[in-house]
Each structure stands twice: as structure tokens, then as C-alpha cells.
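Some notes on the structure that comes next.
The values are calculated or read from the model by the stated rules, or taken from the named source; none is laboratory data. Values in this document were obtained by computation on a predicted structure and should not be read as measured data. Here the Cβ is made from the backbone with ideal geometry for all residues, glycine too, and neighbour counts use every protein chain on show. Heads up: the accessible areas ignore ligands, DNA and RNA and are worked out on the full protein's heavy atoms, side chains in. Shrake-Rupley method; radii C 1.70, N 1.55, O 1.52, S 1.80 Å.
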Amino acid sequence: MVSSKAKTPKEYIDQLPKERQGVMRKLRALVRKNLPKGYVEVMRWGMLCYEVPLKKYPDTYNGEPLMYAALAAQKNHYGVYLCGLYSFEKIEKKFVREWKKRGVRLDMGKSCVRLKSWEECQEDLVAEVIAAVPLEEFVAHAQAAHGQG
């Protein structure tokens, strides 16, 4: 499932093959448990997105809410999109260093950690990244990056 037309996170997960629903439920619970106050969970771009509401930060570069994190069940992996990694070098370096110390292969793009299974997920490290950036700090960083601050 690359992009879903589901309207709600529950509908998204329920549309997945049964054998993939459990991992997505666990990933969703992990994000929701550690998500700082103010971010909202929505369906956007065919994924479960955790974003800054437009009422909190309307002046985004593309007019869309600022995405903080997202989850997607792709064809061959689960995508865990962690914008805190892309936006904050210090957080990214620590995350990569700590993950690799564990001897677990890290399959990562700029902000997307690709997991083949739940067993690959380093729950505490993902939780730490999710919890790391309060909404106000994320917005201030985005404003500074776009010359608004």
C-alpha cells in the first residue's frame, strides 16, 4: 500500500493486509504515546501524519500543515518519517550513532527509517526522536529556515 485513500488512521490500518496491521498499530501507538502536545494526527498524502495545525503555523512554504512525523505501510517496508531527524542535526547524529551501536541495520533516507518488521524497530530511539521537539521549537526552526523568524 503505497498511498491510501483512507479518511482516518483506523480505516488506513484496517485496509492493510492482516499480517501488516499489527506492526502499524504498534508504530502508531508508539508515536501517539510520545508525541509532544499540540501536534495532531491526520491522514495526509495517503499516510498517517503527525503535523502542526495550520492555526498554529499558517505561513508554511506550501500552504500545507508542517509535517513532524508520518507512518506508512509501503510495499516492502514500514516507513517511519521522522522530520526531527531531518531538521535537527544533533538529534539525527545521536539517533544514528545509538542505533548502529546495537548492531541492528539502519535503513534510512533523509528522515525516513525503513523497517522490514517490528523486531527491527528500536522503540526507545524512535520514541526519543518523537518526543524530542516540542511544537513551538519545531515551528521556530521552520520559520528560521524560511527566513520568517
Cα-Cα pairs in segment 20-149 separated by more than 25 Å, as a whole percent of all pairs, come to 22 percent
When every protein chain stays in place and a 1.4 Å probe is rolled, Thr60, Thr8 sorted by accessible area with the largest first are Thr8, Thr60
Under a Gaussian network model of the chain whose springs join Cα atoms within less than 10 Å, the largest fluctuation of Asn62, Asn34, Asn76 belongs to Asn62
So, with points 7 Å from each Cα along the Cβ direction, the Lys90-Asp107 label distance in nm works out to 3.2 nm
GNM on the chain, Cα springs under 10 Å; top mean-square fluctuation among Arg32, Arg102, Arg20 goes to Arg102
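Gain in length, Gln15 to Lys33, computed as 0.36 nm per residue apart minus the alpha-carbon separation, to one decimal in nm?
Details: separation 18, 0.36 × 18 = 6.48 nm, distance 2.29 nm.
That works out to 4.2 nm of additional length.
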Of the listed pairs Lys75/Lys110; Lys26/Lys116; Lys75/Lys116; Lys33/Lys93; Lys18/Lys75, those with alpha carbons more than 21 Å apart are Lys33/Lys93
Between the alpha carbon centres of segment 88-109 and segment 69-84 the gap in Å comes to 16 Å
